[in-house]
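The values are calculated or read from the model by the stated rules, or taken from the named source; none is laboratory data. None of these values were measured; they are calculated from a predicted model. Neighbour counts run over all protein chains shown; Cβ positions are idealised from the backbone, glycine included. Areas reflect the complete protein model, heavy atoms only, side chains present, ligands, DNA and RNA absent. Shrake-Rupley method; radii C 1.70, N 1.55, O 1.52, S 1.80 Å.
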Amino acid sequence: MASKHLVVRLAVESDAAVIATMSRDLIEQGLVWSWTPQRVARHIRNRDTLTVIASDGDEVIGFAILYVGEEHAHLNLFAVRPSQQRAGVGRRLLEWVKASCLTAGIAVIYCEMRTTNAPARGFYKRLGFTETGIVPRYYGGVESAVCVALRLRVEVPAA
Ligand SMILES: CC(C)(COP(=O)(O)OP(=O)(O)OC[C@H]1O[C@@H](n2cnc3c(N)ncnc32)[C@H](O)[C@@H]1OP(=O)(O)O)[C@@H](O)C(=O)NCCC(=O)NCCS
């Protein structure tokens, strides 16, 4: 079970380095490191992006970076430290993200992950996402991605 001291909050710029390192080690393994501290800091400052962390005291345990458009949101990055996985931290982060999207009137949250990433595929499925397709060679021109989507409301076509 997640620690009772777990806090989910918006990231601040001083969280950028640890988020970037977690992205490099937990998400971008085998690829060119693109989510550098500078890029993460830009997203923390960007008004169209929510960067959220789960922390226990000073330690960042998990994080999410979510682009929020007018109708759709896109989870760019999402990870929990291996030592803290399967304890409900990812679920807490995703519930925070989902509540924010519902408030913002978002219709669908999209995300991609490597087809070989069985833990993430299990996680998103458990949290209500549906697999919608495969994009060949999405990662570095080599690895394929599976796309998932969580529908929050039915979109009404413009009149
Ligand atoms: C995917 C990830 C974020 C899940 O985080 P987590 O904190 O371990 O997830 P939770 O403990 O909240 O799990 C919630 C539910 O998701 C499912 N789930 C989580 N990890 C799973 C796994 N390895 N295999 C199958 N199902 C899994 C389970 O149903 C779980 O509930 P349960 O533990 O009661 O059975 C984590 O494994 C991770 O950080 N992976 C590396 C980074 C990554 O792949 N990110 C996603 C792509 S950007």
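At 7 Å along Cα-to-Cβ for each site, give me the label-to-label distance between Y67 and V156 in nm.
2.7 nm
Mind listing the phi-derived Karplus ³J(HN,Hα) values for segment 70-84, rounded to whole Hz, using 6.51, -1.76 and 1.60 with θ = phi - 60°, and x for any glycine or proline?
These are the phi-based 3J(HN,Hα) values: 6, 10, 10, 10, 9, 7, 6, 9, 7, 7, 10, 4, x, 5, 10 Hz.
Please list the non-local residues whose amide H lies under 5 Å from the amide H of V60, H modeled 1.01 Å from N, same-chain partners needing a gap of 5 or more.
So V60 has HN proximity to no qualifying residue.
Within the accessible area of segment 1-60, what % is carbon and sulfur when the probe is 1.4 Å and the other protein chains stay in place?
52 percent
Principal axes first, then extents: for the Cα atoms of segment 6-111, list largest minus smallest coordinate on each axis, whole Å, largest first.
Principal axes ranked by extent give 33, 29, 25 Å for the Cα atoms.
Roughly how many whole Å is it from the C-alpha centroid of segment 1-34 to that of segment 73-138?
For segment 1-34 versus segment 73-138, the Cα centre distance is 14 Å.
What is segment 87-159 by shape, rounded, prolate or oblate, if you read a ≥ b ≥ c off the alpha carbon gyration tensor as root eigenvalues and call it rounded for a/c under 1.5, prolate for a/b larger than b/c, and oblate otherwise?
Note, shape of segment 87-159 comes out oblate.
So if I place +1 on the C-beta of Lys and Arg and -1 on the C-beta of Asp and Glu, and nothing else carries charge, what would the dipole magnitude of segment 6-111 be about its Cα centre? I want it in debye, nearest 20.
The dipole magnitude comes to about 80 debye.
Could you give each residue of segment 12-29 its phi-based ³J(HN,Hα) in whole Hz, using Karplus coefficients 6.51, -1.76, 1.60 with θ = phi - 60°, and x for Gly or Pro?
Residue by residue, segment 12-29 yields 10, 4, 6, 8, 4, 5, 6, 5, 4, 5, 5, 4, 4, 7, 10, 10, 9, 4 Hz.
Using only the alpha-carbon atoms, what does segment 1-53 span along each of its principal axes? Please give whole angstrom values in decreasing order.
Dimensions of segment 1-53 along the principal axes of its Cα atoms: 36, 28, 17 Å.
What helices in the chain pass both tests, a Cα length along the helix axis of 20 Å or more and a mean Kyte hydropathy of -0.5 or higher, using whole DSSP H runs?
TM-like helix candidates: 89-104.
Using only DSSP helix segments of four residues or longer, with each worth -39500 (n - 2.57), what per-residue ellipticity at 222 nm results for the chain after dividing by its residue count and rounding to 500?
Rounded to the nearest 500, the figure is -7500 deg cm²/dmol.
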